[in-house]
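Please treat every number below as a calculation from the coordinates, not as lab data. Source: prediction; values computed, not measured. Reconstructed Cβ throughout: ideal geometry from the backbone, glycine too, with neighbour counts over all protein chains shown.
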C-alpha cells in the first residue's frame with residue numbers, strides 16, 4: 001500500500017449546494033434519472049446506481065427547540081474491513097493502494113451479495129446491465145495525483161482529502177473547535193473508514209447513518225466459518241470413509257441364504 | 001430357495017432417472033458453487049466460460065436440483081418414513097462401526113439411509129429456497145438483514161449436505177459392494193437383499209409368487 005488517503009466530510013461547513021453530487025455524475029459520466037418532487041431538496045430520494053453521492057437534507061429540532069437543517073453527504077465509506085469486498089465472489093470489489101474500495105465492472109456478475117453485506121447500504125444494482133455501482137473515490141484521479149471530483153467541486157471546504165493520519169488529526173482538531181456534540185465518525189469501526197465525517201450531532205441523530213456499523217455477523221459466519229468448513233467437511237468425511245474402509249473393510253453380504261448360488 | 005432368481009429388481013427406471021438428475025445437478029451446483037466461493041479456484045469458472053456464465057449455470061442447475069428434490073420427496077418420503085425399529089438400528093450404528101448382533105431386520109431402507117434422505121430434504125429445501133430468493137428477489141426488496149441470512153444459510157446447509165453426500169457415495173459404492181448396481185441397472189443380488197432389506201425381499205417375493 002502506497003499511502004492511505006482519507007476524505008474528510010465536515011458537515012458543519014456544508015451548505016448543501018450539491019456541487020459534489022453534480023461533479024460526481026459529470027466525472028463518472030453517470031446519466032441523470034427522472035425524479036419526482038417529494039417536498040424536499042433532497043433529490044433523488046436515495047442513492048442510485050447512477051447517483052454515487054447524495055446530500056441528505058434532514059430537518060432537525062435540537063435540544064433548545066430550534067429547527068435546523070442537517071446536511072450529510074452520503075456515499076461509500078471505503079472501509080478497511082469492507083463487508084462488500086469480503087462477500088464479493090469474483091474479486092470485482094477490491095482494495096486499492098490508497099486503502100479505498102474500487103470496483104472492476106467487467107468482473108461483476110451482479111450477484112448482489114455486496115448489497116446485502118454493506119453495513120452502510122451503499123452498493124446499488126443496475127437491472128439493465130446486471131452490475132453493481134458505487135463510489136470508487138475517483139480511483140483514476142487519485143492515481144494521477146488529482147483530488148476526487150466531489151472534493152474539487154466543494155466551494156466551502158466541507159470536503160477535503162489527504163493522508164490518513166493528517167486528516168484524522170484535522171478532524172479531531174475541528175471537533176475540538178466545534179465543541180458540543182460534535183464528533184469524529186469513521187475511525188473507530190470496520191478497521192477505520194477512508195471517508196471520515198466531522199458530525200455536529202451524535203451519529204444516531206442522522207438519517208440512514210448506522211451508529212455502530214460493523215461487518216455483519218452473518219457475513220462473518222458465512223465467509224470465515226461455513227466457507228472453509230465446506231472443504232474441511234468434505235475432506236474430513238472422505239478421510240473418515242477411507243479409514244473405515246481400511247480398518248473395517250467393506251460391508252460383506254451374508255452368504256447363508258445363497259442356496260448354492 | 002432355488003425357485004428364486006439370483007437377482008432382484010430393486011429400483012425402477014423412474015427412480016434411477018430422478019436419482020441421477022438430482023445427483024448430477026447437485027454435484028454440478030457444488031462444483032460451480034465452490035468456484036464462486038473460492039477465488040483461488042478460478043479455474044472452475046474459467047473452464048466454464050467465466051464467472052457470469054458460471055453463475056447462470058449454477059442457477060439453472062439449481063432449478064433442476066429443486067425440481068428433482070421435490071420429485072424425490074414425492075417418490076421416496078413414504079419409503080423413508082421412520083419406524084420404531086430404526087432407533088435400535090441407530091443405537092447399533094447399523095453394524096458399520098463395531099460388531100453387533102440382532103440388528104433389527106430392515107424393510108426397504110435402513111435408518112441411516114432414511115436419515116440421509118431427510119437431511120437431503122431439509123438442506124435441499126434451505127438451499128433451494130435461499131437460492132431462489134438470492135436469484136430473483138434478494139436483496140432489492142427485503143431488508144438487508146434477511147438477505148444476509150439467506151447467503152449464510154445457503155452456505156451453511158451446503159456444509160452439512162456436502163459431508164453427508166460423501167458418506168452416501170462411500171456407502172453406495174465401495175463401502176457396500178454390490179450396492180451401486182441398484183442405481184445403475186436396478187438389479188441387485190438376492191443375497192444382497194437378504195442382507196440389506198430382508199423384510200422388503202420377503203414381501204417382494206410373496207407378491208411375485210401371487211402373480
| said: Applying a 10 Å radius around every beta-carbon, put A:195-203, A:231-239 in order of their mean neighbour count, most first. | reply: A:195-203, A:231-239
| said: Quick check: the angle from helix A:19-28's long axis to the longest principal axis of chain A, C-alpha only, nearest 10 degrees? | reply: 50
| Helix A:164-178 vs. chain A, principal-axis angle (Cα, 0 to 90°, nearest 10) | 50
| task | Quickly work out the residue B:96-to-residue B:146 label distance, labels modelled 7 Å from Cα along the C-beta direction, and quote it in nm with one decimal. | result | 3.8
| Principal-axis tilt of helix A:227-247 within chain A, Cα atoms, nearest 10 degrees | 10
| Estimated [θ] at 222 nm from DSSP helical runs (n ≥ 4, -39500 (n - 2.57)) normalised by residues in chain B, nearest 500 | -22000 deg cm²/dmol
| field | Cα gyration tensor category, rounded, prolate or oblate, for the protein assembly as shown with a/c compared to 1.5 | value | prolate
| task | Show me B:90-102, B:29-41, B:153-165 ranked by packing, highest mean number of other Cβ atoms within 10 Å first. | result | B:153-165, B:29-41, B:90-102
| field | Peptides ranked, highest mean first, by Cβ atoms within 10 Å: ranges A:61-73, B:188-200 | value | B:188-200, A:61-73
| How far is it, in nm, from the label point at residue B:59 to the one at residue B:118 when both lie 7 Å from their Cα along the line to the Cβ? | 3.5
| task | Would you tell me the mean number of C-beta atoms belonging to other protein chains that fall within 10 Å of each C-beta in A:104-116, as a whole number? | result | 5
| Can you give the mean number of other chain Cβ atoms that lie within 10 Å of the Cβ atoms in peptide B:91-100? | 1
| task | Enumerate the residues in the range A:1-30 having an amide nitrogen under 13 Å from the point lying 7 Å beyond the Cα of residue A:68 toward its Cβ. | result | A:11-14
| task | Among DSSP beta bridges whose residues both lie in the protein assembly as shown, state the antiparallel percentage, nearest 5. | result | 85
| query | So what's the back-of-envelope 222 nm ellipticity for chain A, counting only DSSP H runs of four-plus at -39500 (n - 2.57) apiece and dividing by all residues, rounded to 500? | reply | -7500 deg cm²/dmol
| message | Averaged over its residues, how many other protein chain Cβ atoms are within 10 Å of peptide B:54-62's Cβ atoms? | response | 1
